[in-house]
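The values are calculated or read from the model by the stated rules, or taken from the named source; none is laboratory data. Quick caveat: nothing in here was measured; it's all calculated off a predicted structure. Every residue, glycine as well, gets a Cβ built from its backbone with ideal geometry; the counts of neighbours run over all protein chains shown. These area figures cover heavy atoms from the full protein model, side chains too; ligands, DNA and RNA do not enter into them. Shrake-Rupley method; radii C 1.70, N 1.55, O 1.52, S 1.80 Å.
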Amino acid sequence: MTAHIRIPWRRTPAWFVALLWTLALGAWGISRDGSLWRDEAATWQVALRDASDIWHLLGQVDSVHGLYYLLMHGLFECFGPSAVTLRLPSVIAIGVAAACVAAMGQRLAGFWAGLGGGLAFGLLPAVQFYSQEGRPYALVAAGAGISTLLLVQSADRRGRARTWAAYGAVVLICALLNWLSLLILLAHLATLICVKAERVVWVRWGLAAALATAGALPLILFSRSQSAQVSWIPPLTWHMLIAPAIMLLIGAIGAWAARPRLGQLSLATVGLPLLAVPQVGLIGISLFQPLFLDRYILFSLLGLALLLGSTLAAAVQYSQPRFPRASVFVVPLTLVVAVAALLPQFLIKRAPESRVDDVLAIAAAVQRVKEAGDTVVYVPAARRDTALVSPRAFEGVQDIALAVGPVESGTLKGLESSPEQICEAMLRQKRILLVTDAPGAARPVSARRDRAKAAVLKEHFAVVADEQVRGRRLTVYEKRD
C-alpha cells in the first residue's frame with residue numbers, strides 16, 4: 001500500500017484529476033483551423049432549423065439523431081452557431097466519461113487504478129477523435145459511464161429505488177441518442193452474473209432495463225424504416241475484426257492484473273464485459289445488417305480504460321515493496337511516455353485533414369471563383385451541404401437542380417428536379433460550377449440524376465478551372481461555342 005508515502009495531491013479525488021485532464025485535451029485545437037466535415041455539417045444545418053422543421057425532418061430521415069438535433073438547436077439558439085458551440089458538448093461529455101472511469105476505478109481498486117484509468121481514457125485515439133466531433137457519440141459514452149457507475153453503486157450496496165430510477169433514465173437517454181447503446185444492458189447483465197447479484201438487485205435492474213428498452217422501442221421500430229441511410233456501411237470482413245481483437249487482448253491482460261475473485265465486484269467483472277459485450281454484440285448484429293462502425297460502440301472503451309487502470313495499479317503494487325519511493329511515479333511516468341508516443345496522433349486528429357472532407361474550405365473556393373450569373377450543381381446532391389452551412393459563399397449563384405429546399409422537404413439535401421429538367425436547365429447556362437468529392441473521397445456515381453449532370457457537362461461544356469481542397473472538388477465549366 002502507498003499510505004505511508006506522502007503524496008501532496010493524493011487527497012484530490014481521481015475523478016477530478018481525470019476530468020480536468022480530459023477537458024484540457026478536448027479543448028486543445030477544438031476549432032480544427034475552422035474546418036467542418038460532412039457529418040458535422042448535417043448537425044449544423046439541422047440545428048439552425050426551427051423545432052417544428054426538425055420534427056418534420058425526423059419523419060423522413062435521421063430519426064435516430066432527433067434528441068441530439070434538438071439539443072444542438074437549443075445550444076445554437078443560446079450561444080449562436082460556431083465550431084466551439086458545436087463541439088463543446090462532446091468535449092464535456094468525454095470529460096464526464098473519464099471522471100466516471102476514475103470514480104469506478106478508485107472505488108473498486110484504489111486511487112492508482114482510478115487515476116490511471118481516467119487518464120488513459122482521455123488518451124485513447126478514438127476518444128480523442130470523437131471528443132471533438134459535433135455528433136452524439138461522446139454524449140452516449142458519458143451516459144454509459146454514468147449508468148455503469150450507478151450500477152456499481154447499486155450492485156455493491158443494494159442501491160435505493162431512486163438510484164435505479166436514475167439508472168433507467170440514463171440508459172433511456174443514451175438509447176434515444178443512439179439505440180445501439182442498449183448493448184450496455186447486456187454488458188451490465190454479464191457483470192451481475194459474474195458477481196452473483198442478489199435477488200433484489202436482479203429485480204430492480206430488470207425493471208429499470210425493461211422500462212428503458214420499452215421507452216426506446218418506438219424509436220427503434222420507426223428508425224428501421226429509414227435503414228437506407230446506413231446502406232453505405234460495408235459488410236463485415238476479417239480485417240475489421242483486428243482492432244476489436246487487439247483491444248480484447250489488452251483487456252484480458254488488464255482483467256488478469258485485477259485478479260478478480262468469483263462473486264465480487266471488481267475492475268475485471270465491470271470492465272471486461274463493458275469492453276467485450278458491445279464489441280461482440282455489434283459484430284453479431286453486423287452479420288445480418290452491416291453496422292460495424294467504431295463510433296456506434298465508442299462507449300465500450302470505458303471498459304478498456306478501466307482495465308488499463310487495473311494494469312497500472314498492478315504495476316504500482318508490484319513496485320512498492322521493491323522501490324517504495326519510486327512507485328508513486330509509475331502512473332505519471334507512464335502518462336508522459338504515452339503522451340510522447342501518441343503526440344503525432346493527437347496532432348493529426350486536430351488537423352483539418354483528419355476528416356474525409358471540409359465543407360467550409362470548398363465554400364471559400366466557390367466564393368473566390370464565382371462570377372455574376374453563375375449556376376451550381378452538386379454531385380451527389382448531398383454535397384449541397386456546403387451551401388447550407390455557408391450560404392453567403394453562394395450568394396448570387398443559382399442552384400438550378402433544386403426543386404424543393406431541404407427545410408420545406410424535410411430532408412438534409414432537398415429534392416431535385418427530374419434528370420430531364422436538370423439537363424434542360426444546364427443547357428441554358430453559360431457557366432456552371434460543379435461541387436463534388438475529390439477523387440480520393442468519391443464513390444462511383446450511381447444516381448440517374450448525377451449521371452445526367454455529368455453527361456451534359458462532358459458533352460457541352462469545357463473545363464476552365466479545377467480545384468481540389470480537403471476532400472472536395474470545385475470544377476468550373478463554360479459552355480462550348
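Tell me which residues, restricted to the stretch 395-420, are touching a strand residue (DSSP E or B) at 6+ places or on another chain (Cβ under 7 Å) and either under 18 Å from residue 433 (Cα atoms) or open to solvent by 50 Å² or more (accessible area, probe 1.4 Å) (or both). Matches in the stretch 395-420: 397, 398, 399, 400, 401, 402, 403, 404, 415, 416, 417.
Residue count for the stretch 107-120 under the criterion of being open to solvent by less than 10 Å² (accessible area, probe 1.4 Å) and in contact with a Leu (Cβ under 7 Å, 6 or more places away or on another chain): the result is 3. Looking only at the stretch 13-57, residues that are open to solvent by less than 50 Å² (accessible area, probe 1.4 Å), assigned to a helix (DSSP H, G or I) and closer than 30 Å to residue 120 by Cβ come to 11 in all. Taking the criterion of being in contact with a Phe, Trp or Tyr (Cβ under 8 Å, 6 or more places away or on another chain) and either open to solvent by 10 Å² or more (accessible area, probe 1.4 Å) or charged (D, E, K, R) (or both), the residues of the stretch 371-387 that qualify are 384, 387.
Within the set 194, 174, the sole residue that is under 30 Å from residue 36 (Cβ atoms) and either modelled with pLDDT under 95 or surrounded by 22 or more Cβ atoms within 10 Å (Cβ to Cβ) (or both) turns out to be 174.
Inside the stretch 34-66, can you point out the residues that are more than 20 Å from the chain's Cα centre (by Cα) and acidic (Asp, Glu)?
Of the stretch 34-66, the ones more than 20 Å from the chain's Cα centre (by Cα) are 48-57, 59-60.
Answer for the stretch 34-66, where residues must be more than 20 Å from the chain's Cα centre (by Cα) and acidic (Asp, Glu): 50, 53.
I'd like to verify a number: residues in the stretch 380-397 that are in a loop (DSSP other than H, G, I, E, B) and of a type in the set (Val, Ile, Thr), how many? Give the derivation first.
We begin by selecting, within the stretch 380-397, every residue in a loop (DSSP other than H, G, I, E, B); these are 380, 390, 395-397.
If we keep only those that are of a type in the set (Val, Ile, Thr) as well, we get 397.
Total satisfying the criteria: 1.
Take residues that are of a type in the set (Val, Ile, Thr) and in contact with a helix residue (DSSP H, G or I) (Cβ under 7 Å, 6 or more places away or on another chain) and tell me which of the helices (runs of 4 or more DSSP H) falling wholly in the stretch 147-226 contain 3 or more.
Details: elements: 161-177, 183-194, 199-223.
Of the helices (runs of 4 or more DSSP H) lying wholly inside the stretch 147-226, those with at least 3 residues that are of a type in the set (Val, Ile, Thr) and in contact with a helix residue (DSSP H, G or I) (Cβ under 7 Å, 6 or more places away or on another chain) span 161-177, 199-223.
Of the residues in the stretch 113-125, not one is under 14 Å from the mean Cα position of the chain (by Cα) and aromatic (Phe, Trp, Tyr).
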